[in-house]
Amino acid sequence: MATFTNAGGNTNGVVGTTSTHDANGVVGHNSDATPRNANKASGHGVFGGTLVPDGAGVFGVHAGVGIGSGGLGLIGVWGGSVNGVGVLGISAPPGAKGGDGVQGITNSEIRNGVFGRNDSTAKRNNDDAAGNGVFGYTRVPDGAGVMGVSGAGGIGVSGASTSHGVMGKGGFGVTGRGSIIGVWGIGDGSGWAGQFSGPVLVNGSAYFQREVSVGGGGNSGDVRVLDGAGRRVVLVDGANADLHVGANGNAGDVIVVDSSGRQTIRLHSDFAALVVGANGKKGDIQVLDGAGRVVFAMEGNTGLLTIGAAGNDGEIRVLDTNGIPRVRIIGSSGDISLSGADCAEEFEITPGIAAEPGDVLVIEEDERLRRCLEAYDRRVAGVMSGAGDLRPGIVLDRRGGERRAPIALAGKVVCKVDAGYGAIGVGDLLTTSPTPGHAMRAADPSRAFGAVLGKALRGLPGGRGLVPVLVGLQ
């Protein structure tokens with residue numbers, strides 16, 4: 001073996017030159033066809049070693065636009081290092097823009113242009129950009145550390161792993177751009193095609209062909225939709241199982257459209273209204289009980305309201321401001337129950353004449369009413385309803401107005417009485433008295449005919465007061 005050295009010198013150990021493109025400046029050849037059986041720096045056609053910290057064992061420079069170092073074979077270029085860089089390519093000529101630092105080319109569909117591999121089985125346990133098969137870095141503002149382009153409709157960048165196929169970290173962790181699909185993730189079996197640990201921003205439309213799950217593993221999920229002003233107009237709240245639609249300054253509606261595009265159900269937030277049905281599509285509302293029976297039905301075509309079902313009696317209750325049922329329509333018995341005590345009808349009160357509930361009123365010539373002023377007045381109309389704790393159950397001819405008042409026609413009513421004309425006992429007939437608006441005991445049967453307004457249900461031995469009366473004009 002011949003060795004050429006320049007011991008202790010400051011020039012090159014070996015220099016090979018040629019002036020033809022069909023030959024090589026230096027050629028190294030190893031004719032042994034046996035694979036080496038140890039991880040040693042041997043078995044190579046040309047081997048270079050250096051102790052210079054930033055030097056290279058073998059270094060190639062092209063003075064033009066060619067390739068600094070090139071290789072052919074099963075492994076075209078191979079480099080090894082204890083702690084440094086196995087293969088390093090730099091294209092940065094002083095004062096000019098260089099070419100590609102490293103470029104790999106293959107014409108085989110079962111090989112790779114560039115292949116990177118890391119055989120370590122230990123976790124790096126830090127945030128350093130290390131431990132990767134291939135690592136790319138750039139300082140170009142709109143460049144990419146690693147970029148893949150497919151000129152034949154394939155995949156620009158593809159990742160495969162039992163853990164994360166592709167993972168990005170930084171300002172834009174992973175950016176994909178394409179005329180069809182920018183980023184495409186595929187989940188095998190029960191795996192996930194993509195996972196987001198944090199908020200997801202979509203500037204555009206999102207289409208989902210299968211189920212979308214948000215939250216889980218002890219964390220409640222929310223889905224939020226913002227309008228152009230940044231207001232949250234739709235919120236699906238996973239923690240409370242709530243759906244919120246609308247925002248301050250942007251009223252929310254819920255619209256359900258049928259197969260013909262008609263809005264058949266709409267919840268109007270501004271009007272607090274539920275609209276069911278559309279032109280050409282009648283709207284119905286149905287409520288079912290625990291047994292699946294329709295116990296409440298509103299039919300749009302007929303305007304029919306049905307309450308109750310076979311085996312489940314229906315009932316309607318109307319409550320007052322104190323929550324007391326005042327009117328009940330009872331399906332089981334077919335009854336209408338009214339909590340009021342009398343049947344009344346509204347009449348006009350004479351202008352300028354004071355009248356209040358409990359007053360005894362008589363008819364004037366113009367069909368108006370005023371308080372009674374004399375005994376045994378056959379023009380008696382009745383007692384004004386609403387005194388004491390009794391209220392009218394039904395009011396006929398109700399028109400409203402300051403000068404209209406309900407007069408009891410039948411039932412019970414509380415009446416003003418004056419026992420100064422004779423003590424009043426239970427069951428006594430009552431008639432008008434000279435005391436304005438008061439009744440008295442009808443002690444003279446000959447004068448009482450046609451002037452009786454009812455029977456006392458409670459007595460009053462003396463003075464004036466209020467007593468319940470069973471209405472009965474005679």
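Every number here is computed from the coordinates shown, using simple stated rules; none is lab data. Source: prediction; values computed, not measured. Heads up, the Cβs are rebuilt from the backbone with ideal geometry, glycines too, and the neighbour counts pull from every protein chain shown.
Rounded to whole numbers, the Karplus 3J(HN,Hα) couplings from phi for the range 367-376 are 6, 8, 10, 9, 5, 5, 9, 9, 7, 6 Hz, using 6.51 cos²θ - 1.76 cosθ + 1.60 with θ = phi - 60°, and x at Gly and Pro. Around the amide H of residue 296, modelled in the peptide plane, lie the amide H atoms of 287, 308, all under 5 Å away and 5 or more residues distant in sequence or on another chain. Stretching the chain fully between residue 268 and residue 281 yields a gain of 2.8 nm (0.36 nm per residue, less the alpha carbon separation).
With neighbour counts taken as other beta-carbon atoms within 10 Å, the residues 440, 298, 384, 147 rank, fewest first, as 147, 298, 440, 384. Note on 338, 369: ascending count of other Cβ atoms within 10 Å places them as 338, 369, the fewest first. Taking 0.36 nm per residue of separation and subtracting the current Cα-Cα distance, fully stretching the chain between residue 212 and residue 296 would add 26.7 nm.
In terms of packing, defined here as the mean over residues of other Cβ atoms within 10 angstrom, the peptides 404-414, 269-279, 245-255 line up highest first as 404-414, 245-255, 269-279. Label sites at residue 254 and residue 389, each approximated as a point 7 angstrom past Cα along Cα to Cβ, lie 4.4 nm apart.
The length gained by stretching the chain between residue 32 and residue 466 to full extension, at 0.36 nm per residue less their Cα-Cα distance, is 143.0 nm. The calculated FRET efficiency for the pair residue 348 and residue 236, based on their C-beta separation and a Förster distance of 51 Å, comes to about 0.30. For the range 350-362, putting each phi into the Karplus relation 6.51 cos²θ - 1.76 cosθ + 1.60 with θ = phi - 60° gives couplings of 4, x, x, 9, 6, 8, 8, x, x, 5, 8, 10, 10 Hz, in residue order, rounded to whole numbers and with x for Gly and Pro.
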